[in-house]
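So the structure is just underneath, and the comments pick up after that.
What follows draws every value from the coordinates through simple rules; no lab data is involved. No experiment lies behind these values; they were computed from the predicted model shown. Positions of Cβ are backbone-derived with ideal geometry, glycine not excepted, and every protein chain shown enters the neighbour counts.
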Amino acid sequence: MTRWRKSSRSTNTNSCVEVARDLAAVRDSKNPDGARLGFRGPRAVAALVAAVRRGRFDG
């Protein structure tokens, strides 16, 4: 069974993403049965996290 995690800084409104370490994937916490964004290995996940931290996807 996949264990999904979300940041301890997430609000209680479920407006966040969740991460699954064993899948190298993320999903929308509002729609846990919906689409998942998968990555090819830990370097790809690290690149996504770095981009998010830099504000690359702030809109």
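Using Cα springs under 10 Å in a Gaussian network model of the chain, which residue among Val49, Val26, Val17 shows the largest mean-square fluctuation?
So, out of Val49, Val26, Val17, the one fluctuating most is Val49.
Scanning the chain for trypsin sites (Lys or Arg not before Pro) in DSSP loops with at most 13 other Cβ atoms within 10 Å, what's the longest stretch left with none? Display every interim value, and only then the final one.
Values: sites that count: Arg3, Arg9, Arg21, Lys30, Arg40, Arg54, Arg56.
Answer from the scan: 41-53.
Per 0.36 nm of contour for each residue apart, how much would the distance between Cys16 and Arg43 grow if the chain were fully extended, relative to their Cα-Cα spacing? Intermediate values should be presented prior to the final figure.
Numbers: separation 27, 0.36 × 27 = 9.72 nm, distance 2.17 nm.
Working it through step by step, the gained length comes to 7.6 nm.
Measuring from label point to label point, each 7 Å out along Cα→Cβ, what is the Ser7 to Asp58 span in nm?
So the two model labels end up 1.2 nm from each other.
What is the spin-label model distance, in nm, from Ser29 to Ala51 if the labels are put 7 Å beyond Cα along the C-beta direction?
For the pair Ser29/Ala51, the computed spacing is 2.2 nm.
Out of these labelled values of P(r) over Cα pairs in 5 Å bins from 0, in percent, (i) 4, 19, 23, 18, 12, 9, 7, 4, 2, 1; (ii) 4, 13, 24, 28, 21, 8, 3, 1; (iii) 4, 18, 25, 29, 19, 4, 0, which was calculated from the coordinates shown here?
Of the listed options (i) 4, 19, 23, 18, 12, 9, 7, 4, 2, 1; (ii) 4, 13, 24, 28, 21, 8, 3, 1; (iii) 4, 18, 25, 29, 19, 4, 0, (iii) comes from this structure.
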